[in-house]
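Notes to accompany the following structure.
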Amino acid sequence: IEACGGEPIQIPLINIVCRHESIDPHHIKKYEWIFITSANGVHCFFQRLKEQEQLHLLKDCRLAVVGHKTEEALKAYGFTADFIPSVYNADTMAEEFRQAFPNAKRLLLVRGNQSRPTLPREFTKHGYEFAMLEVYETMTNTEAKEALNQVLGQGKLDFITFTSPSTVQAFFELVNPKFLDEQMVYVCIGTTTQAAAEAAGCKTILIPDVFTIEGMIETMKDYISKKG
């Protein structure tokens, strides 16, 4: 944003806390595929295995991730993704995986406590044997409430950006309704976050063609350019 001449105002609305329970090695060996749908999931999952000296358990597993940013997190641990969907959301991930690997059977879904039910629902629908492993918790950063409302009260924002459904949820938990402006432009990183923003009552929502931070920046630039 600064490189584009803008002023970023950062209000961290959520806290990510990794869970520290030990992972049963037999649990990992049971599954052919491991699905990870966020970089937070990668870091918390791999850190736990690294602490247990069990990263080697993944050498016989195939890894499916929701997008290239999540794959970049994988590469930090020396692994690469075997499957990435063309559109970075869970709905597309489930459908394209089923088409690409019709014989897959046993899947492990690594996720956070607030992950959407899309993948479990699709896995059940198509008869996969699967389990879910929660490796982190997403919590609202209540300490940000005063700073958030102070910024909104000044009324000088061009955009409010959301990078996950949980940031949308936290925003509306913390915001004072009197500071909500129906003319505000919200920028969401993808369709899943967009759906959460729409459900919360946001009117004007922009999403990028590619569901990344860089895509969000380009979307804001295009919007400003078109408005002159």
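Restricting the first member to the stretch 113-127 and to residues that are closer than 19 Å to Glu137 by Cβ and at pLDDT below 90, and the second to residues that are open to solvent by less than 60 Å² (accessible area, probe 1.4 Å) and in a loop (DSSP other than H, G, I, E, B), the beta-carbon pairs closer than 9 Å and six or more apart or on different chains are Gln114/Ser164; Ser115/Thr37; Ser115/Ser38; Arg116/Thr37. Restricting attention to the stretch 145-173, the residues that are open to solvent by less than 50 Å² (accessible area, probe 1.4 Å), within 20 Å of Met216 (Cβ to Cβ) and assigned to a helix (DSSP H, G or I) total 9. If you go through the stretch 3-21 and keep only what is within 14 Å of Glu214 (Cβ to Cβ) and without any contact (Cβ under 8 Å) to a residue 40 or more places away in the chain, you end up with just Ala3.
Is it fair to say Glu137 is touching a residue at least 12 places away in the same chain (Cβ under 8 Å), acidic (Asp, Glu), open to solvent by 30 Å² or more (accessible area, probe 1.4 Å) and closer than 23 Å to Ser38 by Cα? Answer is yes for this residue. Taking the stretch 185-209 as the search range and keeping residues that are in a loop (DSSP other than H, G, I, E, B) and free of Cβ contacts under 8 Å to residues at least 60 places away in the same chain, which one is surrounded by the most Cβ atoms within 10 Å (Cβ to Cβ)? If we take residues in the stretch 185-209 being in a loop (DSSP other than H, G, I, E, B) and free of Cβ contacts under 8 Å to residues at least 60 places away in the same chain, then Ile189 is surrounded by the most Cβ atoms within 10 Å (Cβ to Cβ). Evaluation of Lys59 against the conditions (1) more than 19 Å from Glu32 (Cβ to Cβ); (2) modelled with pLDDT under 90; (3) not β-branched (Val, Ile, Thr) shows that the sole unmet condition is (1). The criterion of being open to solvent by 40 Å² or more (accessible area, probe 1.4 Å) and either out of contact with any Lys or Arg (no Cβ under 8 Å at 6 or more places or on another chain) or in a helix (DSSP H, G or I) (or both) does not hold for Phe123. If you go through the stretch 211-228 and keep only what is crowded, with 16+ Cβ neighbours inside 10 Å and within 19 Å of the chain's Cα centre (by Cα), you end up with Phe211, Thr212, Gly215, Met216, Ile217, Thr219. Those strands (runs of 3 or more DSSP E) of the stretch 1-102 in which at least 2 residues are within 27 Å of Cys188 (Cβ to Cβ), open to solvent by less than 20 Å² (accessible area, probe 1.4 Å) and in contact with a strand residue (DSSP E or B) (Cβ under 8 Å, 6 or more places away or on another chain), considering only elements entirely within it, cover 33-36, 62-65. Checked against the criterion of being of a type outside the set (Gly, Ala, Ser) and closer than 23 Å to Asn15 by Cα, the candidates Gln47, Gln52, Gln99 yield just one match: Gln47.
The values are calculated or read from the model by the stated rules, or taken from the named source; none is laboratory data. From a predicted model like this one, the values you see are computed outputs, not experimental measurements. Note: ideal-geometry Cβ built from the backbone for every residue, glycine included; neighbour counts use all protein chains shown. Note: areas computed on protein heavy atoms with side chains; ligands, DNA, RNA excluded. Shrake-Rupley method; radii C 1.70, N 1.55, O 1.52, S 1.80 Å.
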